[in-house]
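To keep things clear, I will list the structure first and then write my remarks on it.
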């Protein structure tokens, strides 16, 4: 009987030792494969494109929301804000103030010329949040804060619509082979993490593997490689940005040109230099922007308030949707 106990004890010790060796081998393999995956991603990643030239006109007339996608390589809150103002420029919606509150008003005009992205943003404002006629800024903020589950699906649908529309511009190459390699890496990572949790109880190693795999996942999902055909256009937009940031004669432009430039300056993260120019013109003539809605909104800092509320609302949905699995109510 003692012999059997000794044999069983030795067997258990051997199995434990084998599992520890397996853990070591698998972890080393995973670490080397992770390094290989990261190096491959770094090689594929575009080198930073810069240009010191200055371009004093728009490279093309593509929608500012699409240029945001080219510039930042993603759909973000600024894309949504910009699309709202594209709708204002098209007179599809308007902005009004009532009782210390700002409202977006649906002008109820035929919208055959709107893009899918613009139609989707309009639907979110007036159908998903508003009362089909108008929507207040406070309603947008309140709905995004309270109805996380519902708004998460709405924002996700909008992002997909907008990105699909931007894909038609062919700004970026296909990285299908990279995604296939990444999926294999992800499967391997989860298998090894699962092995450590179930068979060896090395919880810490499993957590490290999971966290690093998640980081690689974010990097891979955000990876976009610019196409050769779009490099020159990207440079031209950087040169236009240089013009907005550094030009001394921007305030000499007429209002129609400034209004044309306004949203492009915003999506290229040159809003504050542009706004400074507006303020200089306004100080010379308080009525200078009376007939230009976008410029008057920007100059009066109304744009800042709108941008802040919408950006915080959308970012709040993006963050909290990771915590809240579902919300059955669509309105507060």
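Before moving on, here are some points about what is shown:
- If a spin label sat at a point 7 angstrom from the Cα of residue 119 along the line to its beta carbon, the backbone N atoms of region 160-201 nearer than 17 Å would be those of 160-168.
- Relative exposure of 197, 121, judged by other C-beta atoms within 10 Å (fewest first): 197, 121
- Helix-only mean residue ellipticity at 222 nm for the chain, each DSSP H run of n ≥ 4 adding -39500 (n - 2.57), per residue, nearest 500: -21500 deg cm²/dmol
- Label point distance in nm, residue 36-residue 74, each placed 7 Å from Cα along Cα→Cβ: 2.8 nm
- The distance separating the Cα centre of region 193-266 from that of region 147-184 comes to 14 Å.
- Choice from 201, 170, 275 with maximal GNM fluctuation in the chain (Cα, 10 Å cutoff): 201
- Among 66, 202, 57: highest mean-square fluctuation, GNM of the chain, C-alpha pairs under 10 Å: 202
- Cα shape, region 17-88, gyration tensor, a/c 1.5 rule: oblate
- Ordered by the number of other Cβ atoms lying within 10 Å of each residue's own Cβ, fewest first, 293, 279 fall into the sequence 279, 293.
- Taking 0.36 nm per residue of separation and subtracting the current Cα-Cα distance, fully stretching the chain between residue 186 and residue 156 would add 8.5 nm.
- With a Förster radius of 25 Å applied to the C-beta separation of residue 28 and residue 225, the computed FRET efficiency comes to 0.25.
- Using a simple spin-label model with pseudo-atoms 7 Å out from Cα toward Cβ, residue 89 and residue 251 lie 2.4 nm apart.
- Per residue, the convex hull spanned by the alpha carbons of region 134-232 comes to 171 Å³.
- The chain, relative contact order [Cα under 8 Å, separation at least 6], %: 28 percent
- Relative to the longest principal axis of the Cα atoms of the chain, the long axis of helix 271-284 lies at roughly 20 degrees.
- Pairwise FRET efficiency - residue 133 versus residue 197, Cβ, R0 = 51 Å, nearest 0.05: 0.40
- Prolate/oblate/rounded label for region 77-209 (Cα gyration tensor, a/c 1.5): oblate
- For region 258-304: rounded, prolate or oblate by the Cα gyration tensor [a/c cutoff 1.5]: prolate
- For region 179-332, the relative contact order comes to 14 percent (Cα pairs under 8 Å, sequence separation of at least 6).
- Whole-angstrom gap from region 47-78 to region 93-125, using each part's C-alpha centre: 25 Å
Every number in this text was worked out from the coordinates using simple rules, so none of it is lab data. These numbers come from a predicted model, not from an experiment. As a convention, Cβ positions derive from the backbone with ideal geometry for all residues, glycine included, and neighbour counts pool all protein chains shown.
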